[in-house]
Amino acid sequence: MANGLGALRQRLSKPLRSPGLLAAADRILLSRRHVAGAREGEHHVLLAPAGGGNIGDQALVEAFIENVDGRVTVICRRPTDYSIGDDRVRVVPLLSLAYGDLIGHARDMRTFRALLRTATSFSVVGADVMDGGYGYRASANRANLARRAAEVGIDARILGFSWNASPHPVALDAVRAAARHGVEAVLRDPRSAARARADGVAPVVDGADIVFLAQRTDAEAAAAWADRVSGPLALVNFSGLVPADGGLEPYIEVVRTLRDRGHGVLLVPHVSRPGADDLPICRAVAERFEDDADVVLVDHLLSPSAIRGLTGRARLTVTGRMHLAVMSLMHGVPAVTVATQGKVEGLMDLFDAPQLCVASDRLAIDLARVAGETADDAEALSRRIASRLPDVQVLARRNLARLPLRDRTVTSG
């Protein structure tokens, strides 16, 4: 009987998860009279990505907080998804706002509209979650929430996001409508911007990833790991989402190639959560080099500021995760990156460094070779990347147009 009731609830909840239905409810639940309130000082409401064991998601949220002046409310799924050490910040878990059905969404909308009564801006962290590639419902719900905020007179934006060549039609319609109704849509690379325009998203702002604006580094935590190896430092990450043909051997060959060139290798997981865990594959590779003191596994996730401390000391990076590449490039460090969904190619276009991309379906063939070539040419590549970085940071600042910015003199902590 219990199983039958569970199946019935599941069957009934499916139509109640329609983004169109939730958007229609939002027009009733969120009007100008609902958000009329006293706005004393700056209050930014930020809809965060999934978080919870993802350094990149944490880095995106922290970059926004670090740069804007005023109070920030971070909306996330669960209380443990984010840890923010800033007394200006409040974390509010609203699981059903982007991920739930009509009943849960309506409940969370009451809290959301209470937050908007004092909000001076509403921002959605776009990243790679707007085109429906990781689930169209949540993508559309994020865009619809931004649209509704804009329609009731709040400065609304989708922070730098990627756009793949085959967006889900529901997500596409929602993003198009959001841009048309006043939401600032900031694309984070030229290929994504071109695709979005071709798909009818207008207006589009050409931008870059907001993490390029992060400055805080944790030099002490970085040194605790970097000092364990000798020689020029290479950071290596193998993504749990990108299995290689040939099992571990292609990854082992990457480490062997870098060791042959005299690099000390830190194996650095970037995501560790069910279904997307880098740690097991990084650990398995480390075990193949257990007799080599200059191959060291970082056995837990570090903070974004500690990762930036490491990238500031590295000579090159090899990674399956885009935000490890971003945090390397922002220090002028060439980052060989496994390319998926077109977002990495666009990132490297910003730096005129297409040779740093390795297609995921050619990982077993090309990754070690490109890692070796990058090590051989690291200094020249670093100069090229550094020369383009100021322009990329100008693009990244477009994410925060019209928002009050903090004094950016603190760079460590």
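The values are calculated or read from the model by the stated rules, or taken from the named source; none is laboratory data. Everything quoted here is computed from the prediction, not taken from an experiment. Cβ sites come from the backbone with ideal geometry, for glycine too, and all protein chains shown count toward neighbours. Surface accessibility is based on the protein's heavy atoms, side chains included, excluding ligands, DNA and RNA. Shrake-Rupley method; radii C 1.70, N 1.55, O 1.52, S 1.80 Å.
The residues on offer are ALA380, ALA386, ALA371, ALA364, and the sole one that is closer than 30 Å to HIS168 by Cα and small (Gly, Ala, Ser) is ALA364.
Scanning the range 122-143 for residues being farther than 18 Å from GLY207 by Cβ and surrounded by fewer than 24 Cβ atoms within 10 Å (Cβ to Cβ) gives a total of 7. Counting only helices (runs of 4 or more DSSP H) that sit wholly inside the range 225-338, those with at least 1 residues that are at pLDDT 95 or above and among the acidic types (Asp, Glu) are 249-260, 279-287.
For every residue, the table says whether it meets (1) over 18 Å from the mean Cα position of the chain (by Cα); (2) of a type in the set (Ser, Thr, Tyr); (3) crowded, with 16+ Cβ neighbours inside 10 Å.
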residue: ALA214; (1), (2), (3): no, no, yes
residue: LEU235; (1), (2), (3): yes, no, yes
residue: PHE238; (1), (2), (3): no, no, yes
residue: GLU249; (1), (2), (3): yes, no, no
residue: VAL255; (1), (2), (3): yes, no, yes
residue: LEU258; (1), (2), (3): yes, no, yes
residue: VAL265; (1), (2), (3): yes, no, yes
residue: VAL271; (1), (2), (3): no, no, yes
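Only residues in the range 79-106 that are open to solvent by 50 Å² or more (accessible area, probe 1.4 Å) and part of a loop (DSSP other than H, G, I, E, B) count as the first member; pair them with residues that are aliphatic (A, V, I, L, M) and modelled with pLDDT of 95 or more, Cβ under 8 angstrom, at least 6 apart or cross-chain, and list the lot. Correct list of pairs: PRO79/VAL91. Scanning the range 132-156 for residues that are at pLDDT 95 or above, farther than 18 Å from HIS181 by Cα and in contact with a Ser or Thr (Cβ under 9 Å, 6 or more places away or on another chain) gives GLY132, ARG137.
Consider GLY132 carefully, then state whether it is assigned to a helix (DSSP H, G or I) and in contact with a helix residue (DSSP H, G or I) (Cβ under 6 Å, 6 or more places away or on another chain). In short, no.
Out of the range 287-314, which residues are open to solvent by 30 Å² or more (accessible area, probe 1.4 Å), closer than 25 Å to ALA378 by Cα and aliphatic (A, V, I, L, M)? Matches in the range 287-314: ALA293, LEU297. Could you go through the range 339-358 and let me know if any residue there is of a type in the set (A, V, I, L, M, F, W, C), in contact (Cβ under 8 Å) with a residue 60 or more places away in the chain, open to solvent by less than 10 Å² (accessible area, probe 1.4 Å) and out of contact with any helix residue (DSSP H, G or I) (no Cβ under 9 Å at 6 or more places or on another chain). Looking through the range 339-358, none of the residues is of a type in the set (A, V, I, L, M, F, W, C), in contact (Cβ under 8 Å) with a residue 60 or more places away in the chain, open to solvent by less than 10 Å² (accessible area, probe 1.4 Å) and out of contact with any helix residue (DSSP H, G or I) (no Cβ under 9 Å at 6 or more places or on another chain).
Of the residues that sit in the range 144-176 and are part of a helix (DSSP H, G or I) and open to solvent by less than 10 Å² (accessible area, probe 1.4 Å), which one is nearest to ASN399 (Cα to Cα)? Ranking the candidates gives ALA146 first. Scan the range 194-224 for residues that are in contact (Cβ under 8 Å) with a residue 40 or more places away in the chain, over 30 Å from LEU267 (Cα atoms) and either part of a helix (DSSP H, G or I) or not aliphatic (A, V, I, L, M) (or both) and the total you get is 3.
When the range 20-71 is filtered for residues that are in contact with a Lys or Arg (Cβ under 9 Å, 6 or more places away or on another chain), in a helix (DSSP H, G or I) and open to solvent by 10 Å² or more (accessible area, probe 1.4 Å), the ones remaining, listed by number, are ALA23, ARG27, LEU29, HIS34, GLU62, GLU66. The requirement of being more than 21 Å from the chain's Cα centre (by Cα), within 24 Å of ARG195 (Cβ to Cβ) and open to solvent by 10 Å² or more (accessible area, probe 1.4 Å) is fulfilled nowhere in the range 376-387; no residue meets it.
When the range 49-101 is filtered for residues that are within 25 Å of SER18 (Cα to Cα), among the hydrophobic types (A, V, I, L, M, F, W, C) and touching a His at 6+ places or on another chain (Cβ under 7 Å), only LEU97 remains.
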